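Chemist: Dumping the structure here so I can ask a few things about it.
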Amino acid sequence: ALLLKDRFDLHLVCATKGERGIPGRSLAETGAIREEEEKKESRLLGAHLHFLDRTDRELYADENTCRHVSDIVRKIMPVALFTLWPIDRHPDHSAISEIVMKAVEMAQSPVEIVYGEEGDQQTMLFAPTVYVDISNVIEQKLDLIRCHACQNRNDQLAQHALKKAVRRGAEAGYAHAEGYRSLPAAGSDAPSILARVRQG
């Protein structure tokens, strides 16, 4: 996102507010904390933030949720949608991937879908086909992660992301990289948004 923010109008869509992400806190209290953290990240990115108002661990690719996302897609008319790889140990992450696929079909709006990975302990069977050099923005990426203070205890989340960026970079010949897989828009022969990012 950091390599796109000066060239595209960015939108972040959060399905839930991670209400079950802080042990010992109520759903409402945790949701409020994490909503503020998400807003802070969005401000740093200069991105528009949308919440679907679903509940953490209760997310499904039901018709209402998919239609909600399809309405956003119709309104924004995005060049590409970045989402999570569907094979993931967190059920909400798998649901998000399916929601995106169904929403795009409902919207009847040809759009490239770009799959990324979550943490190494969650995303499974993900093999990048495209690598993006993020060496010039790695510190900014870590700053974005650190916006989520309640999840970044002892800086573990940021340090894990840094290690993954170094590992993906080693695979591609960069100091730091992110790996992706792209599903082109149906019937489109336009170059992937990832190719445009790599060209600068």
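The values are calculated or read from the model by the stated rules, or taken from the named source; none is laboratory data. Given the structure is predicted, the values throughout are model-derived calculations rather than measurements. Remember, those area values only see protein heavy atoms, side chains included, never the ligands or the DNA or RNA. Shrake-Rupley method; radii C 1.70, N 1.55, O 1.52, S 1.80 Å.
Chemist: What is the percent carbon and sulfur in the accessible area of the range 16-83, measuring with a 1.4 Å probe over the protein chains and ignoring ligands?
Modeler: C and S fraction of accessible area: 49 percent.
Chemist: Mind counting lysine pairs for me in the chain? Cα separation below 13 Å, and the two need to be 8 or more apart along the chain or on different chains.
Modeler: Value for the chain: 4.
Chemist: Next up: So how compact is the range 112-189: Cα radius of gyration and Dmax in angstrom?
Modeler: 13.8, 47
Chemist: Same structure, new question: In whole percent, how big is the carbon plus sulfur part of the accessible area of the range 101-200, probe 1.4 Å, protein atoms only?
Modeler: Exposed carbon and sulfur together represent 51 percent of the surface.
Chemist: Taking the range 3-77 on its own, what percent of its Cα-Cα pair distances exceed 22 Å?
Modeler: Beyond 22 Å sits 33 percent of the P(r) for the range 3-77.
Chemist: Then there's this: If you take every DSSP beta bridge whose two residues both sit in the range 73-200, what share of them, in percent to the nearest 5, is antiparallel?
Modeler: 60
Chemist: Mind listing P(r) for the chain? All alpha-carbon pairs, 10 Å bins, whole percents.
Modeler: Final binned percentages: 8, 32, 42, 16, 1, 0.
Chemist: Follow-up question, since we're still on this one. Over the range 53-200, average the accessible area per residue using a 1.4 Å probe and give it in Å², no decimals.
Modeler: Each residue of the range 53-200 exposes 55 Å² on average to a 1.4 Å probe.
Chemist: Another question, then. Assuming a viscosity of 0.692 mPa s and a temperature of 37 °C, what translational diffusion coefficient in µm² per second does Stokes-Einstein assign to the range 82-153, Rh being the Kirkwood radius over Cα pairs?
Modeler: 231
Chemist: If you take the Cα Rg of the range 55-112 and divide it by 2.2 N^0.38 Å, with N the number of residues, what do you get?
Modeler: Compactness ratio reported: 1.08.
Chemist: Continuing with this model, one more query. Given contacts defined as C-alpha pairs under 8 Å and at least six residues apart, what's the relative contact order of the chain, whole-number percent?
Modeler: Relative contact order comes out at 21 percent.
Chemist: On a full-extension model of 0.36 nm per residue, what is the gain between residue 27 and residue 44, subtracting their alpha-carbon distance, rounded to one decimal in nm?
Modeler: Stretched fully, the residue 27-residue 44 segment lengthens by 3.5 nm.
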